[in-house]
Structure formats: C-alpha cells, structure tokens
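Bear in mind that the values in this text are calculations on the coordinates, not laboratory data. Given the structure is predicted, the values throughout are model-derived calculations rather than measurements. Positions of Cβ are generated from backbone atoms using ideal geometry, with glycine treated the same way; all protein chains shown enter the neighbour counts.
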Amino acid sequence: MLLLNCPCCGVDADETELAAGGEAHLKRETVGAEDEAFEAYLFMRDNPRGVHFERWRHAYGCGKWFLAARDTVTLEVFGTYPAQTKKPPKAIENALKKKRPDWKGWA
Ligand SMILES: [Zn+2]
C-alpha cells in the first residue's frame, strides 16, 4: 500500500485518501507556444520504471495538492513537498542519490 505524508497537514495518508495528479514539474505551455511544444505539454508524459516525481491531492483530507518523489516499482517514498516547489528539495535529491546511485539526477 502506498503511504504518503501530506506536507500541508502532516497526516500520513494511504492511497484511498489520495488522488493522483500525474507527473510533477511540467513546463506549462501557453498561448503562442509552438504546436510541437504545446502538443508535448498536453500529451507526452514520462512513465519511468523507478524514480518518479508526481502530483498528489489529499482528496479525503485537507484537499490540498502536494508533490512526491517515489519509486514506481518498489513504492518506496523518498519524500513529499509542497506543490509550489519548482524542483525537489536538496534533502530529497541527496536521499535519492544515496539510495539510487544509478539515478541520473534532476533534469
Ligand atoms: Zn493534507
């Protein structure tokens, strides 16, 4: 079972309390963007086997969005952080590098 700590209210929420929101840290394209860039923003997502950064909403709790770094194979959670964060916190990056030496790092 997936268990994520909501950084907004501090509750450890299991997956029945959460709603998945897809890939985190997408570069949002707006009006005026090239067609290929806008198409990629709308439809192209990473679906890695391993380390992934995702958006989650504490739907049956505080209702707020947050981000999580986890392994999609083992369900190991490396950390959660506020949705307004532009990139993963250094502490999470360091934990990832320590536990997954083959991880290519933050893009
Ligand atoms: Zn919450």
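The table below lists the values:
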{"quantity": "Selected residue (criterion: nearest to L2 (Cα to Cα)) from residues of region 56-65 that are hydrophobic (A, V, I, L, M, F, W, C) and not in a strand (DSSP E or B)", "calculated": "A59"}
{"quantity": "Residue in region 32-44 that is in contact with a strand residue (DSSP E or B) (Cβ under 7 Å, 6 or more places away or on another chain) and either part of a helix (DSSP H, G or I) or in contact (Cβ under 8 Å) with a residue 12 or more places away in the chain (or both) present", "calculated": "no"}
{"quantity": "Identity of the residue in region 8-31, part of a loop (DSSP other than H, G, I, E, B) and within 21 Å of W106 (Cα to Cα), that ends up farthest from the ligand (Cβ to nearest atom)", "calculated": "E29"}
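Matching residues to (1) closer than 22 Å to L2 by Cα; (2) surrounded by 11 or more Cβ atoms within 10 Å (Cβ to Cβ); (3) not acidic (D, E):
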{"site": "A20", "(1), (2), (3)": "yes, yes, yes"}
{"site": "A33", "(1), (2), (3)": "no, yes, yes"}
{"site": "F38", "(1), (2), (3)": "no, yes, yes"}
{"site": "V51", "(1), (2), (3)": "yes, yes, yes"}
{"site": "E54", "(1), (2), (3)": "yes, yes, no"}
{"site": "L67", "(1), (2), (3)": "yes, yes, yes"}
{"site": "V73", "(1), (2), (3)": "yes, yes, yes"}
{"site": "Q84", "(1), (2), (3)": "no, no, yes"}
